[in-house]
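Each remark here refers to the structure printed beneath this line.
The values are calculated or read from the model by the stated rules, or taken from the named source; none is laboratory data. Just so it is clear, the structure is predicted and the values come from calculations on it, not from any experiment. Don't worry about glycine lacking a Cβ; one is built from the backbone with ideal geometry, like all the others, and counts go over all protein chains shown. Just so you know, the surface numbers come from the protein's heavy atoms only, side chains and all, with ligands and any DNA or RNA stripped out. Shrake-Rupley method; radii C 1.70, N 1.55, O 1.52, S 1.80 Å.
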Amino acid sequence: MEFVCQEGTEDSKKLVSCVEHIEPNQFNSKLKAKETALSNLTFDSKPENERSVKPKPVSKFHSKKAIVSSNKSKQPLSDDAVLPNFRRSITDLPPALISEILNCLDPKELGIVSCVSESLHRLASEHHVWKEFYCERWGLPIAPTPLDSGFSDEKSWKELYVEREFRSNTFMGRYSMDVMYGHAEAVRTVFLLASAKLIFTSGYDSVVRMWNMEEGLSIASSRPLGCTIRAVAADTKLLVAGGTDGFIHGWRAVEGLQHLFDLRGCQSQSTEFRVWEHEGPITSLALDLTRMYSGSWDMTVRVWDRFSMKCLTVLRHSDWVWGLAPHDTTVASTSGSDVYIWDSSSGTLITIIYSAHVGNTYSLARSHTGNYLFTGGEDGVIHMFEIARHCTGATVSQVSTWIPHSGPVQSLAFEFPWLVSASSDGKLSLIDVRKLLGTCKGKNISKTKHVDKNGVEPPQRMLHGYGSNLFSVDIGADRIVCAGEEGAVRIFNFTQALEIEKRTRDLRRIRLDNRMRRRKLQIEMNSKGGRTDRCSVAAKKNTVNGDRGSAWHNKRGVSSKLKA
């Protein structure tokens, strides 16, 4: 490369010396001949080739430009030799390449890039990766998205992500608590349907109750179903409850009206049904778009078609099934002290986590991506596992451990980034797993922070003093719902903390705007003149001090004359 640049410099000197002896009026007449001659100019290292090329004379002003065009056509020069004053940036890259680069960043890094310039702000804010960030953590919004006919006043995916991330910080703030009474005996299960702002509960009194989350009032209740109800699950179109007699009782939403379940009405084949397959008490239920999952003490998990209510697959375990958590084509379940991971389509066992806890593994939760499992056991310990799928199976590794309770962990609920646990010691623990999770965009490379199995992490917050033997908990819509042996349903409402945080953020934004405004004004003043000019302007404006000074000097002069 150094040799090429030297040859180009020698040719440049030759051209300049040739141009010095030409008159300006020859330029226009022989422009075409000049371009033809320059196009044949070569920078070969052989001297005889250099002597054979005799470029037509050109003006001195255009000689450098001709050399550059000639070099570009025949042999490249270095960037410094061709364009010494040209600065390149990432915005000069093709849009597709910029999109791939931004796709490898996490949300924090993408936000930093958007602050560099207006063009990068536009590219980073409108990038499709924000949709992936949102769906990885919370799934698709219940309402249509802005890219599909509008959602939440046509907010972008970045705005939706920032708003949801902001709301997740409120669980460390103030809260108010509502207590709802209605059950005659202990409540074994609670389910929060955040999209409809409804709460479903049931327990030893065999009655399923539906509550208004905002008002804390009972909306409807079913007739007694004949046995203890240990599991409830619901979505926009279906509500199911599992009894200790081995049946699944369900209600379909009224046609054309989502979330409206006729619990009080008489039994009808169109809206109410009951299926019998299990041979023992049902302990857990879950729903997805096409299937229903049920776990029982008969040591099986059954996969159902939710439309025909026919059993598709039976997954057999070695002990009582306590909990389950489906995701896509896999379902995780707890049996005894072990954790099973199944392929729900084929019914094959993928992997087993043996002896996850000392004693039974009572509770199970799963992240929205399905890559992380949270287990709670009879020993009061909570474990976090990472699942890495591959062609031959899956690899499970322990990520972290918490021991927030002195009694068995009866229930777990997860909504990014908060893991909530309820225990027989009457306490709730809130654990922020944000620092433990992370994925590298564009690649299936995990950035999970693995810790020592013997290391114990403390929870971020404990809620206690509200009775003993909590059996169930759920989280969503800035609220935590729990219930237990006392028969009351408690709602921890964190919307007050959200409002306080919003006011704090607005005040912080106002202070920042004022600071930027003062800085801009100071820069403008500095650009107009130096310090002496500012001082002279300030002295001219401050006429009061000037008058006082002149008066003081006059009085001093008068007094000196009198003394003389």
- prompt: For the stretch 287-301, which residues satisfy the criterion of being buried (at least 18 other Cβ atoms within 10 Å of the Cβ) and under 33 Å from the mean Cα position of the chain (by Cα)?
  reply: Leu287, Arg291, Met292, Tyr293, Ser294, Gly295, Val301
- line: Filtering the stretch 135-161 for residues that are open to solvent by 70 Å² or more (accessible area, probe 1.4 Å) and either modelled with pLDDT of 80 or more or among the acidic types (Asp, Glu) (or both) leaves a count of 4
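Among the listed residues Ser284, Ser206, Ser222, which satisfies the condition of being touching a residue at least 24 places away in the same chain (Cβ under 8 Å), at positive phi and open to solvent by less than 20 Å² (accessible area, probe 1.4 Å)? Break it down into steps so the answer makes sense when it comes.
Details: Ser284 fails: at positive phi; Ser222 fails: at positive phi.
When all the criteria are applied, what remains is Ser206.
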- request: Specify the residue that is least open to solvent (accessible area, probe 1.4 Å); the eligible residues are those in the stretch 166-203 that are small (Gly, Ala, Ser) and closer than 30 Å to Arg434 by Cβ.
  value: Ser168
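Within the stretch 353-362, how many residues turn out to be in a strand (DSSP E or B), hydroxyl-bearing (Ser, Thr, Tyr) and out of contact with any Pro (no Cβ under 9 Å at 6 or more places or on another chain)? Walk me through it before giving the result.
Keep residues of the stretch 353-362 that are in a strand (DSSP E or B), which gives 353, 361-362.
Checking the rest, the ones that are also hydroxyl-bearing (Ser, Thr, Tyr) come to 361-362.
Going one step further and asking which of them are out of contact with any Pro (no Cβ under 9 Å at 6 or more places or on another chain), we end up with 361.
So the count comes out to 1.
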query: On the given criteria, is Lys449 modelled with pLDDT under 85, out of contact with any Lys or Arg (no Cβ under 8 Å at 6 or more places or on another chain) and either in a loop (DSSP other than H, G, I, E, B) or buried (at least 18 other Cβ atoms within 10 Å of the Cβ) (or both)?
result: no
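Every residue, every condition in (1) modelled with pLDDT of 95 or more; (2) of a type outside the set (A, V, I, L, M, F, W, C); (3) in contact with a helix residue (DSSP H, G or I) (Cβ under 8 Å, 6 or more places away or on another chain); (4) over 23 Å from Glu136 (Cα atoms), yes or no:
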site: Ala365; (1), (2), (3), (4): yes, no, no, no
site: His390; (1), (2), (3), (4): no, yes, no, no
site: Ser397; (1), (2), (3), (4): no, yes, no, no
site: Gly407; (1), (2), (3), (4): no, yes, no, yes
- request: Would you check if there is a residue in the stretch 346-369 being open to solvent by 40 Å² or more (accessible area, probe 1.4 Å), in contact (Cβ under 8 Å) with a residue 60 or more places away in the chain, over 20 Å from Glu279 (Cα atoms) and not hydroxyl-bearing (Ser, Thr, Tyr)?
  value: yes
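Any residue at all in the stretch 230-249 that's over 24 Å from Ser333 (Cα atoms) and either surrounded by fewer than 19 Cβ atoms within 10 Å (Cβ to Cβ) or over 31 Å from the mean Cα position of the chain (by Cα) (or both)?
We begin by selecting, within the stretch 230-249, every residue over 24 Å from Ser333 (Cα atoms); these are 236-237.
Remaining after also requiring either surrounded by fewer than 19 Cβ atoms within 10 Å (Cβ to Cβ) or over 31 Å from the mean Cα position of the chain (by Cα) (or both): 236-237.
Checked against the condition, which is being over 24 Å from Ser333 (Cα atoms) and either surrounded by fewer than 19 Cβ atoms within 10 Å (Cβ to Cβ) or over 31 Å from the mean Cα position of the chain (by Cα) (or both), the stretch 230-249 yields at least one hit.
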statement: Scanning the stretch 409-425 for residues that are in contact with an Asp or Glu (Cβ under 7 Å, 6 or more places away or on another chain) and surrounded by fewer than 22 Cβ atoms within 10 Å (Cβ to Cβ) gives Pro417, Trp418
statement: Within the stretch 89-122, the residues that are open to solvent by 40 Å² or more (accessible area, probe 1.4 Å), under 28 Å from Lys435 (Cα atoms) and over 20 Å from the mean Cα position of the chain (by Cα) are Val116
query: Given the conditions (1) open to solvent by less than 10 Å² (accessible area, probe 1.4 Å); (2) touching a residue at least 40 places away in the same chain (Cβ under 8 Å), which single one is not true for Glu272?
result: (2)
